[in-house]
Ligand SMILES: Nc1nc2c(ncn2[C@@H]2O[C@H](COP(=O)(O)OP(=O)(O)OP(=O)(O)O)[C@@H](O)[C@H]2O)c(=O)[nH]1
Ligand SMILES: [Mg+2]
């Protein structure tokens, strides 16, 4: 069974940030087809998360063909967090992989766009927030280097979200190959100025503080391990110590998912769901969303200029895409539409009631007026009669 993640151990102020908007964490997996993205999502769910929907526990994982959102709850003592994992179709192996990243990049931009629109609405309290707080980019364990498509995609992802590169299926590489491969990837990322998520290191200023030193060491181990190498599996086996563990089985033994000597799965999970959860959420809002907003507003002023379409580091000018083309977030969109329609209906209802009250009031006044007029007429008649009698 998974060890406790320790969300309740987050410093209170951090925990507050996370719980503020109902506590939602959105992460996305993407990369070439067949690299184990769906398997990773399932592994994460079976080791850590409590799924809120029934997953068809289908042993034969099929090729993912559309964007798929899995929802889960991470619960610990008095702390609970809603987690959305966005699984994406892998890029094909075809020769024409031109703009293979478009779907995922559009998804990220659309979420920023949708959030921006909601902020502009008069009813701003409830927001449907699917902004991606972390993107895990899966790299094929070739041991050689990165493909042009990896570089082009990561450029686009890194300017829109917190990018975390991952070497998948690391059980197919030796320890030396992994070390070598990591170095090579780091060099390529640096050369292309692709920014990956890096934990802040400066917090260790106070060397005498034990907690500070632990966080410092943890941050350093993360930086040193990047890009993480991971193994995914949906099967359990008994290890040498007699425990049932999630692993991949080889004739020479097991590769255990949650064994830190075997891969970085636990380190990655800790970073995502515990130690840097708040940072991922904060930086998404303060850096990535703000950048998107600023660029959209700036570009909005210069409508008609098309010069930015080719720059991978800049979000799309304005989403010409229809939000509704994707069934996976159709649900989100429908809920949003229903919310606004309900609000408008309620306002209309209130207005009608008010109109009705006015009509009632007016007819009451009219009948009062009529009554008074009749009285006046009666009195006038009486006066006339009296005058006649006096003659
Ligand atoms: N050796 C090894 N195989 C893995 C690992 N993770 C997944 N696999 C296998 O790789 C195959 C593809 O896995 P998926 O999870 O479907 O890959 P995907 O990235 O979701 O693929 P698409 O949906 O086509 O993009 C399956 O047969 C998995 O069992 C791993 O860590 N090591
Ligand atoms: Mg898949």
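Laboratory data are not the source of any read-out in this text; all were calculated from the coordinates shown. Everything numeric in this text was worked out from a predicted model, so none of it was measured. In this analysis, Cβ positions are derived from the backbone assuming ideal geometry, glycine residues included, and neighbour counts consider all displayed protein chains.
Would you please put 369-377, 171-179, 151-159 in order of how densely packed they are, using the mean number of other Cβ atoms within 10 angstrom per residue and starting with the highest?
Values: 369-377: 10.0, 171-179: 14.2, 151-159: 22.3.
Descending packing order for the listed peptides: 151-159, 171-179, 369-377.
Extension gain, residue 239 to residue 195: 0.36 nm times the residue separation minus the Cα-Cα distance gives 12.0 nm. By the count of other C-beta atoms within 10 Å, a proxy for reagent exposure, 237, 191 are ordered fewest to most as 191, 237.
Note on residue 187 and residue 172: the extension gain reaches 3.2 nm, defined as 0.36 nm multiplied by sequence separation minus the Cα-Cα distance. Could you please state, rounded to a whole Å, how far the C-alpha centre of the stretch 345-364 is from the C-alpha centre of the stretch 246-293? Their Cα centres are 57 Å away from one another. Is the stretch 329-390 rounded, prolate or oblate when judged by the Cα gyration tensor, a ≥ b ≥ c being the square roots of its eigenvalues, rounded requiring a/c under 1.5 and prolate requiring a/b larger than b/c? Note, shape of the stretch 329-390 comes out prolate. For 138, 181, the sequence from fewest to most other C-beta atoms within 10 Å is 181, 138.
Counting beta carbons within 10 Å around each of 48, 284 and listing the fewest first gives the order 48, 284.
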